Amino acid sequence: MEDTREKIVRLTCLQISDMISREEEEELNALIAEDPDALEHWEAIRKYHESPAVAQIYRDVESSAPLDTIWESLERRFKERFRQERRRRIMYVTAMAAAVVGALLFISLPFKKNLVTTDKRLQIAGIELQLPDGKKIDLSKTEGQVPIGATTLRNANNILSYNTTSGSAPAGLAVLKVPVGKDYKLQLADGSEVWLNSSTTVTFPFSFGNSREITISGEAYIKVAPDPNKPFLVKLPGSTVQVLGTEFNINTYDNGLDKVALVKGSVKLQTPGQSLVIQPGYQAVYTKGKGIQAAPFEDDLTLSWRRGIYAFYDISLEEICQVLPRWFGVQVVMDNQRVAGKRFAGELDRNKPLSKQLKLFSDGGVTYYYEGEVLHFK
């Protein structure tokens, strides 16, 4: 039976050669996501495949030599290469084939147990709900129904909902905190829905009175249930959003900067000295000390986080590095400020190991390395 090491080798070789099926790639992704040893093994194979040594071998065997000659040549060269580089190791890497003229590259490294994955992460907290009386509930560990007096919370499928008997809801405000690397959905008492991005906090009542008001810090997508008799207000660090029935995205991650991107309906962004009504497809940006400005926004970029994707286009490495701690729980240090301004376009998937996706930056000429728990760019 094929063991995990052999499976990683086989699937990685198919991936390198662009011959992997969707089912096989899903299997490979699951292996490296769940097993730190498998992740290190996968990374080592990819790293060696991209090395100058392998590139030279490919050039050497790119002739029309018979496949069995190519196989023997590669096996001999790879084994000798790794004997030289890993003399002190009990087991050395063996090469079994290469992705040249239809052949597959197979490199097998010994597994090392009890290793820390190179996808360094800070300890990630659970999703926390603080009730009006101060009691805290870890929603990451509490599934199903949770009674709190006459109110019943339902926590299932990454969604918090609740129902209350008229006049029986707990008085005061609850606070829902979504930590690094997570997202979550809240269904409010009026039927409005709030999708929360990582490192985001929402403060809300379990029952609304004559008005509907919540407070957001971080990023959220809000779908407001229409009610012309009860305006919906969203308090931000520096401004307030007033709506009747609409869908919009809020981003307050950057200190002194509130962004409201309107998808449907109409909203008004208010500050103590200014207000601005925006239409769908436009984003209102309040900058402390500069007031409010409106500009078009791209759905595919601004709203990609709802799919678990951070999509970006022509932005600096410095800006990207502000997102990495929130999405992947990793500390980031810029060793060389000269690379901070290098601009990139691409995507990062929150549900995949960061280490698997850093090639995007090395392909752009930026070197990275881990030092303990810290990711460095230089």
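Quick notes on this structure:
- All lysines inside 23 Å of Lys135 as judged from Cα atoms, apart from same-chain residues fewer than 8 positions distant: Lys177, Lys182, Lys185
- Element breakdown for the range 225-264 at a 1.4 angstrom probe: carbon and sulfur atoms account for 49% of the accessible area.
- Here the range 192-235 carries DSSP beta bridges of which approximately 65% are antiparallel, counting only pairs with both residues inside.
- The fraction of accessible area contributed by carbon and sulfur in the range 311-378 is 44 percent, rounded to a whole number (1.4 Å probe; ligands and nucleic acids excluded).
- For the range 244-378, the tally of Lys pairs with Cα-Cα distances below 30 Å comes to 18, considering only residues 8 or more apart or on different chains.
- The packing ranking of peptides 352-363, 131-142, highest mean first, is 352-363, 131-142, where packing means the average number of other beta carbon atoms within 10 angstrom of each residue.
- Estimated at the nearest 10 Å², the accessible area of Thr367 is 70 Å² with a 1.4 Å probe.
The values are calculated or read from the model by the stated rules, or taken from the named source; none is laboratory data. Nothing here was measured: the structure is a model prediction, and the numbers come from that model. Neighbour counts are summed over all protein chains in view; Cβ atoms, including those assigned to glycine, are modelled from backbone coordinates with ideal geometry. To get the accessible areas, we keep the full protein, side chains included, count just its heavy atoms, and leave off ligands, DNA and RNA. Shrake-Rupley method; radii C 1.70, N 1.55, O 1.52, S 1.80 Å.
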